[in-house]
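First up is the structure itself, then whatever we jot down about it.
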Amino acid sequence: MAGAQASETSDDDAGPFTRWVQKSIRNPDRTYRAMFYVVTIFFLITTLFPFYWLLVLALTPTDLVDQAGLLPAGFNPEAFITIFEQLPFHVYLFNSFVIALGTTAVVLVLASLVGYVFGRLEFPGRGILMILVLAISYFPPAAFLLPLFRLFTGNVEILGLSSPFVFNSPIGIGLPLSALFMPLSIFILTTFYGQIPDGLEDAARVEGTTRLGALVRVIIPLSAPGVATAGVLTFINVYSEFFFSYLMTDGQAQNWGPLVWGILGYQTQYAASYNLMAAASIIGVLPVAILVVIAQERIVSGLTSGALKE
Amino acid sequence: MANVTLEGVTKRYDDVVAVDDMNLEIPDGEFVTLVGPSGCGKSTTMETVAGLTMPTEGTISIGDREVTDLPPKDRGIAMVFQNIALFPHMDVYDNISFGLRLRNFDEDETDRRVENAAEIVQMQGMLDRMPSEMSGGQRQRVAIARALVREPDVFLMDEPLANLDAKLRVHMRTELQRIHRELDTTVIYVTHDQAEAMTMSDRIAVIDGGRLQQIDPPLVCYNEPDNLFVAGFIGSPSMNFVEGTVSSDGFDSEYVDVAFDAGPMALGEGDAVTLGIRPEDIYPAGEAGSVSHSTAEIETTVDVLEPMGDEIFVYLLLAEDAESDLEDPEAGDQLQMSVDPASDIEAGDSVSVVFDREKLHLFDTDSGQALEHGLVQPTQAEGTTGTGAETDD
């Protein structure tokens with residue numbers, strides 16, 4: 001009886017869910033598409049909700065901040081202007097920008113040279129050196145903070161000379177961050193430079209370039225997606241870095257205090273202006289968001305082609 | 001324009017010797033082809049001339065300068081690569097003018113030279129194309145133009161036609177010869193294709209195992225090979241070899257005997273020698289009228305026919321019970337013969353063949369060195385064959 005009924009079950013007398021399942025079995029593409037949407041929506045919510053929450057906080061006046069829910073309690077867009085009145089927030093933004101750009105430039109130049117050597121030359125010890133470079137990137141930054149701090153504040157004597165005082169300067173932040181983020185760029189660029197056919201480099205050298213000239217004129221232009229990926233990732237990493245950015249300056253805008261100091265500056269001894277901090281955070285994120293939107297195609301192609309090669 | 005001299009050039013990688021004591025003297029304006037099987041060291045030899053590989057030992061001179069330690073850019077050379085190696089991010093004009101721009105030529109001069117080079121390779125009007133928009137032959141022309149434009153002392157070409165289809169290859173072969181005639185520059189050309197080597201070169205340098213085997217004009221390499229390797233490598237299909245020994249009245253082997261006077265050749269009885277004969281120098285006994293000195297007839301059985309249109313290659317088995325083994329024509333019990341397409345030979349036929357004595361080659365089996373080209377002095381008792389046929393010359 002039950003069996004007969006089951007065999008006669010048609011789309012008409014089954015529930016909507018049963019019908020959907022039956023259709024999906026006949027047409028698996030439907031299932032995959034549904035799964036794609038579910039997962040995409042999940043990721044969109046988890047990544048975008050914090051930004052929405054920031055916006056809610058930024059728009060809520062300070063005194064109503066404990067009442068903010070999924071919607072802002074009140075509407076106070078003035079916060080976006082107040083942040084520039086209370087602190088020179090644009091200077092903090094500028095500082096972070098300069099530090100991030102400078103670090104990116106240094107990283108790209110050095111990582112290009114290293115990537116060329118690792119990617120295109122065969123020499124004994126190459127593997128060990130690459131692992132060493134990789135190991136550095138896993139170093140906990142806190143482990144060398146204290147010695148670095150002493151070094152950068154002129155408290156270490158090297159051959160009778162005291163170390164240069166680079167605390168409160170872009171170098172104090174940029175130098176350790178270059179070292180920390182260099183390995184990622186080295187690995188990306190090694191992969192890319194290694195893929196350029198030998199013949200092209202030989203041709204460039206026969207035509208009249210040095211090895212370095214061949215790197216600059218042929219290998220780097222042909223590895224543009226890789227260079228863009230390494231550059232953008234380094235820029236974002238440095239721009240949004242907390243640890244050294246917080247500890248290698250005293251936080252004054254004129255002393256190269258970066259973004260993190262700007263945002264935390266709205267928190268005083270007696271009051272924390274959450275709306276201002278939220279507004280500052282949103283403005284701080286904007287340059288990076290714009291950068292990623294512009295460069296996203298290259299980053300995606302850069303990351304995936306690197307992934308396929310390894 | 002300049003002559004190129006390699007003296008004792010050796011290149012060693014860890015435990016492999018890629019080039020072994022190479023000595024080459026290439027005069028100004030000569031077209032020399034380095035030819036040999038894959039991995040014989042011909043490309044490495046060229047790379048040492050280009051400066052892309054540093055020789056372990058030896059010196060290289062271009063013109064009057066020793067260039068052994070100079071980087072490629074300072075050697076006055078231009079190179080065309082097997083994989084063409086156009087810069088994919090530059091258009092034709094930028095590719096051709098790359099070397100000129102690096103040397104800060106002024107714009108008018110650059111334009112003039114690029115136009116001129118494009119004309120020589122017949123690529124005018126395509127200067128704004130990107131490499132990806134062109135066919136293989138067009139790319140190869142651009143690569144040649146890029147080499148031409150700098151008016152180098154020496155052209156290096158590393159299998160420039162290897163990646164082209166057969167028809168285009170033949171066409172580009174004549175183009176390259178025309179370009180060489182027009183410019184009269186020294187050309188060093190690397191190929192594994194002996195047809196290219198034969199047709200284009202003033203001289204062929206045959207290389208095997210990193211060693212120079214012979215350097216001579218193509219027909220000399222063909223008619224008077226210095227050793228077994230050159231004899232087997234030059235010519236297609238390759239030369240037949242029969243291993244045997246020296247007997248009192250000439251060459252003696254299991255199936256083939258050839259009478260000659262071994263006296264003047266400083267050969268002793270019992271010395272191991274190899275007889276070489278090209279397929280086109282073997283004739284069916286009845287059709288050897290044009291041959292002034294032929295050997296005694298040799299009984300064979302036709303194994304396989306390969307009609308090529310203008311000729312037929314016939315695989316002959318010498319022994320009754322011989323296994324046909326087309327993979328190894330040097331097996332000693334088979335011969336390859338080239339006959340007129342009008343011939344009515346069929347597989348399974350018994351055929352008597354004779355060799356043209358003027359085209360016989362005798363090699364020392366152990367050292368591979370050539371002993372004699374042409375065995376025309378018949379002794380009184382003309383040779384006998386293993387199968388018993390005996391005729392007078």
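The values are calculated or read from the model by the stated rules, or taken from the named source; none is laboratory data. Nothing here was measured: the structure is a model prediction, and the numbers come from that model. As a convention, Cβ positions derive from the backbone with ideal geometry for all residues, glycine included, and neighbour counts pool all protein chains shown.
Couple of notes before you dig in:
- Among the residues of segment B:55-81, those identified as in a loop (DSSP other than H, G, I, E, B), farther than 19 Å from B:GLU30 by Cα and touching a strand residue (DSSP E or B) at 6+ places or on another chain (Cβ under 8 Å) are B:PRO55, B:THR56, B:VAL67, B:THR68, B:PHE81.
- Any hit, segment B:146-156, residues being under 17 Å from B:ASP91 (Cβ atoms) and either assigned to a helix (DSSP H, G or I) or assigned by TED's automatic domain parsing to the domain that holds B:VAL190 (or both): yes
- Segment B:82-113, subset among the hydrophobic types (A, V, I, L, M, F, W, C), closer than 20 Å to B:MET157 by Cα and assigned to a helix (DSSP H, G or I), residue farthest from the other protein chains (Cβ to nearest Cβ): B:VAL92
- Residue within segment A:229-250 that is farther than 17 Å from A:SER137 by Cα, touching a Lys or Arg at 6+ places or on another chain (Cβ under 8 Å), within 14 Å of chain B (Cβ to nearest Cβ) and touching a residue at least 40 places away in the same chain (Cβ under 8 Å) present: no
- Those helices (runs of 4 or more DSSP H) of segment A:5-115 in which at least 1 residues are in contact (Cβ under 8 Å) with a residue 24 or more places away in the chain, considering only elements entirely within it, cover A:28-59, A:79-86.
- Test result for A:ALA224, within 14 Å of another protein chain (Cβ to nearest Cβ), of a type in the set (A, V, I, L, M, F, W, C) and surrounded by fewer than 19 Cβ atoms within 10 Å (Cβ to Cβ): yes
- Test: residue in segment B:160-168 that is within 24 Å of B:LEU100 (Cα to Cα), outside any helix (DSSP H, G or I), at pLDDT below 90 and assigned by TED's automatic domain parsing to the domain that holds B:ASP74: yes
- A:VAL216 vs. criteria within 14 Å of another protein chain (Cβ to nearest Cβ) and either out of contact with any strand residue (DSSP E or B) (no Cβ under 9 Å at 6 or more places or on another chain) or of a type in the set (Phe, Trp, Tyr) (or both): yes
- Criterion applied to A:ALA179, A:ALA143 was being of a type in the set (Gly, Ala, Ser), more than 14 Å from chain B (Cβ to nearest Cβ), under 22 Å from the mean Cα position of the chain (by Cα) and not in a loop (DSSP other than H, G, I, E, B), and the one residue passing it is A:ALA179.
- Verdict on B:GLU297 being under 23 Å from B:CYS40 (Cβ atoms) and acidic (Asp, Glu): no
- Residue in segment B:53-70 that is facing chain A (nearest Cβ under 9 Å) and either at pLDDT 90 or above or out of contact with any Asp or Glu (no Cβ under 6 Å at 6 or more places or on another chain) (or both) present: no
- Leading residue by the ranking (surrounded by the fewest Cβ atoms within 10 Å (Cβ to Cβ)) among those in segment B:278-296 that are in contact with a helix residue (DSSP H, G or I) (Cβ under 7 Å, 6 or more places away or on another chain) and modelled with pLDDT under 85: B:HIS293
- Looking only at residues of segment A:60-110 that are at pLDDT below 85 and among the aliphatic types (A, V, I, L, M), we find that the one that is surrounded by the fewest Cβ atoms within 10 Å (Cβ to Cβ) is A:LEU70.
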